[in-house]
Each structure stands twice: as structure tokens, then as C-alpha cells.
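Structure first, then comments.
The values are calculated or read from the model by the stated rules, or taken from the named source; none is laboratory data. Here the structure is a predicted model, which means the values were calculated and not measured. A quick note on method: Cβ atoms are made from the backbone with ideal geometry, for glycine too, and the neighbour counts reach across all protein chains shown.
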Amino acid sequence: MNKKNYERPIITKQQSGFMNKFGASTLNLPKTEIDGVNVSDLANEYSSPLFVISEKKIRETQRNALRIFKTRYPKVQFAWSYKTNYLNAVCSVFHQEGSWAEVVSEFEYDRARKLGISGEHIFFNGPHKSDDSLTKAINDGAKIHIDHFDELYQIIELTNKLDKKANVAIRVNLDVGIYPKWDRFGFNYENGEAAQALKRISVTDKLNLIGLHMHIGTYMMSSEAYKIGVSKLVALANDLHQQNGTVLEYIDIGGGFPSNNTLKGQYLPAEQILPTLEQYADAITSSLFELKYPGNELPTLVLETGRALIDDAGSLISKVLATKRLSDGKRALIFDAGVNLLFTSFWYKHTISPAQQTGLYTENSKIFGPLCMNIDCLNENITLPTLKKNDLVVINRVGAYNMTQWMQFITLRPNVVMIMEDQSVELIREGEDLEYIMMKEKLPEKLKKL
């Protein structure tokens, strides 16, 4: 009989029965499948750690969001936020669902064009746009959202040089009652800067003013903030129409809707405290009907929603590398996925599910990644059942930002697969190897001899 490993006994207070004053007990039900595909089979075939994207969940979430807004406003257009997740397969699912592209760099612009998105279906945001990228956007008929006066003058100069008109909108930053204010980007509404920029555009014959844009923040937990922001954009649009007869093609309210991930510092789960998507839609569309446009000339409502559409569709399969006790007696688990892959763990309390059946005993644990850095901590305090070396876990709601902000640091970035609607599995990004990492390096001749 094999001798069992000795572990020093620890006395832990247990809660049972009804909800106590600290909230409900934490349940960690096993998650053995993702979209009908066995988690252990995925890990065996594609290794661990492994990002898994659900095609079915993306389509369901996008269709539901479109339904919610279109039942409240007749003209709605989603534009997929490339910075949220720009893997080709992910972007293509959104584009098949009718989404256009929202990009914030030349790299993202080129990526959208390479996927077959026409220029007129691209919204070009961001504080930095090079002459080359703006030239592409002007020639392609893209919708350029001007961020500051220097960019405005840059575009005017390029349109004169190219002898072409540019389709433009301005980004407006405004006070919506959320602090600190996001006033780094765009022209300010309250101090009259936005109105001044619109006047400057209106007297330039090479700029075709087609829209207004705002993006009031990220993980916005107030639907009222959107109502205030849209009301101010509508006021600008009404002034434009009254003064110049300008009828805008669209009003772009940006993104910022939260996902169902719970922020660190939040007491209750996100689902219990966040407004529903219906509440956001009610707030936004009710303000749009304040427009004083003639007849049926309502502008299109554009939404650059990212996180709320993709977070639930992403999972990260990880393996337990080791278990240990810290100096204070707390259990620690070391996973093969760290903060280099799960950047959002710095602000989310990600739900972690065991991928196999476990016992009923649970314990507060601290989760570390494999990096030789003290900051590599995925969760300071999470209640999990007893897990042992080589057990698998599924880290939920990781679809947003982790695959665009991940780092090649100490370990290599892993495979990414997509589970298709028919439950087949496609490798959509191959894991890195040493050759891939070193292919861009150049070693001077002098240093080749050891």
C-alpha cells in the first residue's frame, strides 16, 4: 500500500445551514463540459492552459442584444470592438452576425480590412492616427472619429493634399455624474469645446460631418449615466440642425456595458447589482427620441459594445501544479495559468469551477499562477473544494481583453480553440514556441561565439 503524504492538520471554522450575515455559502459545482465538450478531453488534446471560445454563446449574446435595442429604436448598428478581442475567428463571428468594426489603431484597422470589412463599415477611434492610417481611412470612406484639434487640422491638411472628402464625427467627453470623468478623450461638452469643433468642421468643404460619438467609461454600472450623455449629444445634434440644417447619419454611444464578472471590492455578485441590458437600452433610446429631426430622419444608433458580448463566451482551462500551506496556515494552489494570461484577474473576482467531481469539504484558498513573481496572484481569497495536483479547473468569463492584453512573460502563450455550434472544436490560434518567439531577434556576429 502506498504511503499517503502527510499534511499538518488545520482547524477551520465551517458555516452550514441558512444564509448568515456574511452572505450565502459559496457553491463550486463541477464544470466538466463546455458546450457539450468534455473539459478533460480538451486539455488532453490541446494541452493546458487553454483558452476556449464558444461560438454558440457569442451568437446568442449578440442576437439578444440586437433584439433588445431594435425593439426600442428602429435603426441600430453594432460595431465590434476589436481591442476587446481581435482574434480573427472571434471578429468573424460578430461580422457574420451583422456587426461592423470599431478600431482604435492602424494595426486594428488593417486587421479589419484583411477580414474583408469595407472602409465604410469601420469606425476609426483613438487618440493617435498616423498620416498613413488616416490616408487609408479617407480613401476607403471609413468613419473617422476626431479626438482633438491637432487631429482635426491633420485631417484637413490630408484631405486638401488628397483632394478628397473625409467622413468624420467628433468624440465628445461630457459630465454624466460619474467620477473621475473620462475627459482625456475627445472634445469637452460643458466648456463649449465640442460646439467649437463642430463649427470649425462645418466651414470646411473637405469634411463631411456624419455623426457624434461618446464613450463615457468602462464597466459602467449606471444606466442613468448613458441617458444623461445621450441627452447632451442630442442637444448638440439639435443645435447643428437648427443652425446649419445638418442631419447626422448616426449617434455612436460607444461601449462600456459591464459583463457578469464581479469586481474586486463588490460585496454582492454582479448579476444582483448591475442594471439589465434592457435598462441600458431604455435609458439610451428614450433620450434619442428628443431629437427634433423632420419626418423619419432618425439617425442610426451605433453601439461599440465589447466586454458584455464576449466575456461569457470565453473560458480558461487550467491545471493545478501544486498545493501548499502558507505561513498563516492558509491553503494555496498553484495553477499553470497566471496573470500573464489572465490580466483581468487584477480587477475581477473570476468564478473558478473544478472540472471533475470533488468532495463536499471546501476551504478558503489563495490562487497563484506559475510565474516567478509575487504579483502573480489570481485570487487572494476564494472558497474551493479540496483540489490536488493535476486536477483541472475552468476559469469562467474570460473572453474580454485577456487575449489582447496577455503577455509573453516567463511562459509562452497557449492554444486558443473555438467550440463550434455543431460541437466540433477548431484551433483558432496556435500556441507559441521558442522558434516563434525568437524569429524576430537578430544576434550580432560578435556574440555568436561563446
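A few notes on this one:
- Checking residue 233 against (1) under 25 Å from residue 78 (Cβ atoms); (2) surrounded by fewer than 21 Cβ atoms within 10 Å (Cβ to Cβ), the condition it does not meet: (2)
- Which numbered condition residue 61 fails, given (1) of a type in the set (Ser, Thr, Tyr); (2) at pLDDT 95 or above; (3) surrounded by fewer than 16 Cβ atoms within 10 Å (Cβ to Cβ): (3)
- Some residue of the range 221-241 being at pLDDT below 95 and either basic (Lys, Arg) or in contact with a Gly (Cβ under 7 Å, 6 or more places away or on another chain) (or both): no
- Residue satisfying condition, being within 26 Å of residue 85 (Cβ to Cβ), aromatic (Phe, Trp, Tyr) and surrounded by 13 or more Cβ atoms within 10 Å (Cβ to Cβ), within set 346, 368: 368
- Subset of the range 222-266 [closer than 22 Å to residue 201 by Cβ and either touching a Pro at 6+ places or on another chain (Cβ under 6 Å) or in a loop (DSSP other than H, G, I, E, B) (or both)]: 245, 246, 247, 248, 249, 250, 251, 253, 254
Every residue, every condition in (1) surrounded by 13 or more Cβ atoms within 10 Å (Cβ to Cβ); (2) modelled with pLDDT of 95 or more; (3) assigned to a helix (DSSP H, G or I), yes or no:
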{"residue": "129", "(1), (2), (3)": "yes, yes, no"}
{"residue": "150", "(1), (2), (3)": "no, yes, yes"}
{"residue": "159", "(1), (2), (3)": "yes, yes, yes"}
{"residue": "164", "(1), (2), (3)": "yes, yes, no"}
{"residue": "169", "(1), (2), (3)": "yes, yes, no"}
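- Within the range 171-202, the only residue that satisfies the criterion of being on the phi > 0 side of the Ramachandran plot and either in contact with a strand residue (DSSP E or B) (Cβ under 6 Å, 6 or more places away or on another chain) or surrounded by 17 or more Cβ atoms within 10 Å (Cβ to Cβ) (or both) is 186.
- Inside the range 284-302, residues that are within 17 Å of residue 176 (Cα to Cα) and either touching a helix residue (DSSP H, G or I) at 6+ places or on another chain (Cβ under 6 Å) or among the aliphatic types (A, V, I, L, M) (or both) make up a count of 3.
- Of all residues in the range 294-319, those satisfying the criterion of being among the small types (Gly, Ala, Ser) and in contact with a Gly (Cβ under 6 Å, 6 or more places away or on another chain) are 306, 313, 314.
- Listed by position, the strands (runs of 3 or more DSSP E) enclosed by the range 375-421 that each have at least 3 residues that are more than 23 Å from the chain's Cα centre (by Cα) and modelled with pLDDT under 95 are 377-385.
- Residue-level check: of (1) of a type in the set (Ser, Thr, Tyr); (2) over 30 Å from residue 46 (Cα atoms); (3) buried (at least 19 other Cβ atoms within 10 Å of the Cβ), residue 267 misses just (3).
- Residue that is farthest from the chain's Cα centre (by Cα), among those in the range 27-44 that are farther than 12 Å from residue 423 by Cβ and without any contact (Cβ under 8 Å) to a residue 24 or more places away in the chain: 44
- When the range 344-374 is filtered for residues that are farther than 24 Å from residue 40 by Cα and part of a helix (DSSP H, G or I), the ones remaining, listed by number, are 344, 346.
- Matching option when the condition is in contact with a Cys (Cβ under 7 Å, 6 or more places away or on another chain) and at negative phi, among 368, 343, 335, 409: 368
- Evaluating residue 114 against the criteria (1) touching a residue at least 12 places away in the same chain (Cβ under 8 Å); (2) within 28 Å of residue 427 (Cα to Cα) leaves one unmet condition, (1).
- Of the criteria (1) crowded, with 20+ Cβ neighbours inside 10 Å; (2) in a strand (DSSP E or B); (3) not hydroxyl-bearing (Ser, Thr, Tyr), which one residue 337 fails: (2)
- Evaluated against (1) at pLDDT 95 or above; (2) more than 30 Å from residue 301 (Cα to Cα), residue 1 falls short on exactly one condition, (1).
- When the range 371-421 is limited to residues that are polar (S, T, N, Q) and under 26 Å from residue 93 (Cβ atoms), the one that is surrounded by the fewest Cβ atoms within 10 Å (Cβ to Cβ) turns out to be 408.
- Flag for residue 292 being part of a strand (DSSP E or B) and of a type in the set (Lys, Arg): no
- Subset of the range 371-406 [aliphatic (A, V, I, L, M) and either on the phi > 0 side of the Ramachandran plot or outside the structural domain of residue 45 (by TED's automatic domain parsing) (or both)]: none
- Tabulated pairs, the range 96-109, first at negative phi and touching a residue at least 40 places away in the same chain (Cβ under 8 Å), second charged (D, E, K, R) and buried (at least 23 other Cβ atoms within 10 Å of the Cβ), C-beta under 7 angstrom, 6+ apart or interchain: 102/304
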